[in-house]
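Below you'll find the structure, written out as structure tokens, and then a few comments.
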Amino acid sequence: MNVTGWFERGGGVRLPPRQSGVTRVFIPGLAINGRRASLMLIRKVLVEPLFHFLILGIVVFSLYAMTRQPMTVGEDLAIVVDEGQLTRMFDTYSRTWQRPPTEDELRGLVEGFIKEEVFYREGQKMGLAQDDTVFRRRMQQKMEFLLEPSVEELTPNPGELEAYFTAHAQEYRLPEKLAFRQIFFRSEHAGDKGDLSATAVLSKLKSDAASIDLTSLGDSSLLPERTVLSDAEMIATSFGQDFVSELASAPENRWYGPIRSAYGVHLVFVSERLVSHPPALSDVGAAVLADWESARRKDIADERYAAMKKRYDIKVSWPRDIDTSPIKTSSLP
């Protein structure tokens, strides 16, 4: 095929010859395909995550270059790991792993601290801490840790623990406890066969319980026949809350019932009852001390926060149309 003749007949466009005498030819179809391939390549690059990451990196470092303050003479570039910091690293590692760190592990802790400090300072220079919720909350946690009271502040003065116990005596009051035995009868509702059987057996027990073999009475079940001294919460785990509510009115040392539970009905014999009463401080001293320390710790933290807060001029621009009905105005800063 004579390509030159084909172009001369209109199949192509003859371009002016180069100085070398070679004819330059423009092929419309190939040009269109070339542009289409270029566009497809550009689109593919634009949707690549790596391209987005590259652009983001350029933007971040450009902002850093524009906002970073030039190094000034005398700027503190020292990172000091003092004996106190080393001790905290050592103690934290020991508590976490239940053994002291090796020399290499301690060196690793120090290197980790230095790396963290470098990143922290550089991030501060770049303004990365601004409007960062995670950073702000972490800083709050550290400040709350610094507000923790000392051992001396958490040691009660003479008479202080006794006064706290007296003021909160009801919180340590011991619940009522019962010891009893029971005879079970299958029953789904009042007046059925099981309920009637329980009533008949109760009449016999009231008249002559000593001559009756108790093990032959009632229906078999997985419920305990005897229950040692237990509080209402413990009894409810086996018999249910409804049973416990009715058991509270049962007299001591005689058969009583029928009492209904989720399983059926029961005849009960309460052999011992300890009424609810406040304990002696010596019996609950550890719990009272722990509660006092918790309350004292909160009071000290609140006082220290209030002292810091007073240093600031706090102004809140509340919207005029805010619904303040559930908010007490006195609680606003």
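Coordinate-derived values only; no laboratory data. It should be emphasised that the depicted structure is a prediction, and the values quoted were computed from it without experimental measurement. Every residue, glycine as well, gets a Cβ built from its backbone with ideal geometry; the counts of neighbours run over all protein chains shown.
If r is the Cβ-Cβ distance from Met308 to Leu174 and R0 is 51 Å, what FRET efficiency results, to the nearest 0.05?
So, using R0 = 51 Å, E works out to roughly 0.75.
Please turn the phi angles of region 265-272 into ³J(HN,Hα) values with the Karplus equation 6.51 cos²θ - 1.76 cosθ + 1.60 (θ = phi - 60°), one per residue in order, whole Hz, x for glycine and proline.
In residue order, the calculated couplings are 10, 9, 9, 10, 10, 7, 8, 7 Hz.
If R₀ is 22 angstrom, what is the calculated FRET efficiency for the pair Ala290 and Glu233, using the beta carbon separation as r and rounding to 0.05?
The computed FRET efficiency comes out at 0.55.
Counting other Cβ atoms within 10 Å of each Cβ, which GluC sites (Glu not before Pro) in region 127-192 have at most 16 and sit in a DSSP loop?
Glu152, Glu153, Glu176, Glu188
Under 9 Å from the Cβ of Arg260, count the other residues' Cβ atoms, weight Lys and Arg +1, Asp and Glu -1, and hand me the total.
Around Arg260, the surrounding residues sum to -3.
Would you mind calculating the gained length between Val134 and Glu225 on full extension (0.36 nm times residue separation, minus the Cα-Cα distance), in nm to one decimal?
Difference between extended and current length: 27.0 nm.
Through the Karplus equation 6.51 cos²θ - 1.76 cosθ + 1.60, θ set to phi - 60°, convert the phi angles of region 132-142 into ³J(HN,Hα) values in whole Hz; use x for Gly and Pro.
9, 4, 4, 5, 5, 5, 5, 5, 4, 4, 5
Treat each spin label as a single point 7 Å out from the Cα along the C-beta direction, and report the Arg181 to Ile79 distance in nm.
7.6
Cross-link partners among aspartates and glutamates for Lys204, C-alpha distance below 20 Å, same-chain residues fewer than 8 apart left out?
Asp192, Asp195, Asp213, Asp219, Glu225, Glu252
Across region 300-315, in residue order, what do the Karplus-derived ³J(HN,Hα) couplings come to in whole Hz, using 6.51 cos²θ - 1.76 cosθ + 1.60 with θ = phi - 60° and x for Gly and Pro?
Working through the residues one at a time gives 5, 4, 5, 5, 5, 5, 4, 5, 5, 5, 5, 6, 10, 8, 9, 10 Hz.
Would you please give the residues with an amide H less than 5 Å from that of Asp192, counting only those at least 5 places away or on a separate chain, with H modeled from the backbone geometry?
Residues meeting the criterion, in which the H sits 1.01 Å from N, do not exist here.
Can you give me the long-range amide H partners of Glu252? Hydrogens built in the peptide plane at 1.01 Å from N, cutoff under 5 Å, separation of 5 or more residues or another chain.
none
Let's test the formula: R0 of 22 Å, r as the Cβ-Cβ distance of Glu152 and Thr87. What FRET efficiency results, to the nearest 0.05?
Given R0 = 22 Å and the Cβ-Cβ separation, E is 0.65.
Kindly rank 190-197, 271-278 from highest to lowest mean number of other beta carbons found within 10 Å of each residue.
Output ranking for 190-197, 271-278: 190-197, 271-278.
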